[in-house]
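Written out below as structure tokens is the structure these notes cover.
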Amino acid sequence: MSNSAKFSIPKLVSDPILGLVDIGPVLPMVDARPFQELAFKHQLGLTFLLYPGATHTRKEHSFGTYQRTKVLMEEWLAKGFVTKDEATTVAAYALYHDIGHGPFSHAIESLRKIDHKEYGLKLVKELKKEIEAADVNYKLFIDLFERKHPLYAAVADRNLGTDKLDYLERDAFYTIREAPGVDYLSKYIYFVDGHVVIDEHAIDETKAIQEFYIKITKNVYLRKRAIILQGLMQAMTYQLLKDGLSLETLYKLTDFGLLGRFELSKNPYVQFGYQCLLGGHFPKTAIELKDAQFVGTVTAGGKPMAIRGITSGEMQGIKDLGLSHDFPALRAMEAHVAKLAGVPVQEILIVPPLFTERLHIEDVRIYRAGGKVDLMSAVYPHHFRAMEEHAMSYDGFRICAFGDNREKIQKRAPAIVDYILGLLPKKPRRGKK
């Protein structure tokens, strides 16, 4: 080989799970500021307050998803599922799949007018030069981001996408210290007739991954204290918006930028919440409403907490109030509960059911010998019903408070529960014949 011949020099980053990752092929995209800002956005929001090691970032996860996708595309290219151009573009899409996340990721997303996917699309349309500089097919890239091309599922499939496989293993590594076993599974993921499918040889591993997702959802994503901290973060951010912070500015903040806004705020509510965060004085559940069939799955453990079982219809009615996105209504509800309990309103926090999409179990396509494709729900119906039941058992509506106010709220639990259920729309009465 001539000394003057051109060749690719690796540009390596060290990943704690995957080892060395060569980002050289996408270096122009990596150097773009919106991507670099992902290094200042925690993958799991405030979860590091519960699991001290969970300080990994969206940038780290994006590198991991890129590497997993690059390996998957090499395998799919060898099998004839994709072309070389498609393989390169899908891997680049994986790198940018989370670029639209705001501060503390999902914690404040419900306060935004658009979600991280929509905002990410806005950003990538402004980064055409950087994307094309990485020899990426920009039109196909946009089609993937808009989910118009079925290959987007290689990254974004809710069961088998490289995004999910990476965050499951990465989040577990930094929190519960268990490995979900995605390496074996990833070798049996194919792309057939426009769909991501799993080889029948990996059915058991697929079921195990779904069960692991339910486990980490219970212990990390929807862990009670994590959801309460998220509610506090949302309440404080909502107050900043009322005080003049624009949504456009909020979109552009990093985690540290939002914390700085809290620290500099003159608003008493924001200052109270921020000082509680710094001091580790978090609100705790005083009353929890759950679907009655799952009340036995949790206990108060001797703590001053009233767990009340309600019907499935009442739980759905609470969800239909839309409180996770209607912050004026949520604040008004807190004011009324504070009055009923005789406690300061700033020391009340209501946390409605959140992230119900996390509880949705999607079906999996199984690739059989001879090319037949079956749905896992048809082959293992009991498995799917069990997953859905487990997911439903974690759902709840919580009224939380600081310190001794928990006892005051608990003593007024009957009146408070009657007030909450009284907000639900009444079923129409049947007319007389």
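The values are calculated or read from the model by the stated rules, or taken from the named source; none is laboratory data. Worth saying up front: this structure is predicted, and the values here are computed from it rather than measured. As a convention, Cβ positions derive from the backbone with ideal geometry for all residues, glycine included, and neighbour counts pool all protein chains shown.
Tabulated results
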quantity	calculated
Hey, Phe397 on the phi > 0 side of the Ramachandran plot and either surrounded by 20 or more Cβ atoms within 10 Å (Cβ to Cβ) or modelled with pLDDT under 80 (or both) or not	no
Subset of the range 183-206 that is hydroxyl-bearing (Ser, Thr, Tyr) and more than 24 Å from the chain's Cα centre (by Cα) - its residue that is nearest to Arg170 (Cα to Cα)	Tyr184
Selection count, the range 130-140, where residues are over 29 Å from the mean Cα position of the chain (by Cα), farther than 16 Å from Gln36 by Cβ and not in a loop (DSSP other than H, G, I, E, B)	1
Checking Lys426 against (1) at pLDDT below 90; (2) assigned to a helix (DSSP H, G or I); (3) surrounded by fewer than 19 Cβ atoms within 10 Å (Cβ to Cβ), the condition it does not meet	(2)
Which numbered condition Ala5 misses (of (1) on the phi < 0 side of the Ramachandran plot; (2) modelled with pLDDT of 95 or more)	(2)
Given (1) out of contact with any strand residue (DSSP E or B) (no Cβ under 6 Å at 6 or more places or on another chain); (2) among the charged types (D, E, K, R); (3) farther than 30 Å from Ala369 by Cα; (4) buried (at least 16 other Cβ atoms within 10 Å of the Cβ), number of the condition Asp255 does not satisfy	(1)
Count - residues of the range 128-146 that are surrounded by 14 or more Cβ atoms within 10 Å (Cβ to Cβ) and free of Cβ contacts under 8 Å to residues at least 12 places away in the same chain	3
Test: residue in the range 129-140 that is in contact with a Phe, Trp or Tyr (Cβ under 6 Å, 6 or more places away or on another chain) and within 18 Å of Val26 (Cβ to Cβ)	yes
Set Pro10, Pro28: member being more than 23 Å from the chain's Cα centre (by Cα) and assigned to a helix (DSSP H, G or I)	Pro28
The lone exception for Leu229 - which of (1) surrounded by 16 or more Cβ atoms within 10 Å (Cβ to Cβ); (2) farther than 24 Å from Gln43 by Cα; (3) in contact with a Ser or Thr (Cβ under 9 Å, 6 or more places away or on another chain); (4) not small (Gly, Ala, Ser) it fails	(2)
Every pair of residues 6+ apart whose Cβ atoms lie under 8 Å, when the first sits in the range 344-369 and is among the small types (Gly, Ala, Ser) while the second is modelled with pLDDT of 90 or more and assigned to a helix (DSSP H, G or I)	Ala369/Glu200
Residue in the range 202-215 that is outside any helix (DSSP H, G or I) and within 30 Å of Tyr380 (Cα to Cα) present	no
Residue count, the range 83-108 (criterion: buried (at least 19 other Cβ atoms within 10 Å of the Cβ) and either part of a helix (DSSP H, G or I) or acidic (Asp, Glu) (or both))	15
Some residue of the range 49-56 being modelled with pLDDT of 95 or more, part of a loop (DSSP other than H, G, I, E, B) and either among the polar types (S, T, N, Q) or over 25 Å from the mean Cα position of the chain (by Cα) (or both)	yes
Meets criteria (within 30 Å of Asp204 (Cα to Cα), out of contact with any Ser or Thr (no Cβ under 6 Å at 6 or more places or on another chain) and hydrophobic (A, V, I, L, M, F, W, C)) for Ala107	no
Complete set of residues in the range 13-23 that are outside any strand (DSSP E or B) and surrounded by 13 or more Cβ atoms within 10 Å (Cβ to Cβ)	Ile17, Leu18, Ile23
Hits in the range 342-394 - residues which are at pLDDT below 90, among the β-branched types (Val, Ile, Thr) and surrounded by 17 or more Cβ atoms within 10 Å (Cβ to Cβ)	Ile361
Conditions (1) of a type in the set (Asp, Glu); (2) under 30 Å from Asn159 (Cα atoms); (3) touching a residue at least 60 places away in the same chain (Cβ under 8 Å); number of the one not met by Asp374	(3)
Matching residues, the range 31-48, being touching a His at 6+ places or on another chain (Cβ under 9 Å) and either more than 25 Å from Asp157 (Cβ to Cβ) or not in a loop (DSSP other than H, G, I, E, B) (or both)	Leu38, His42, Gly45, Phe48
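Okay, residues lined up against (1) crowded, with 18+ Cβ neighbours inside 10 Å; (2) touching a residue at least 40 places away in the same chain (Cβ under 8 Å):
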position	(1), (2)
Asp243	no, no
Gly260	no, no
Lys290	yes, yes
Ser324	no, yes
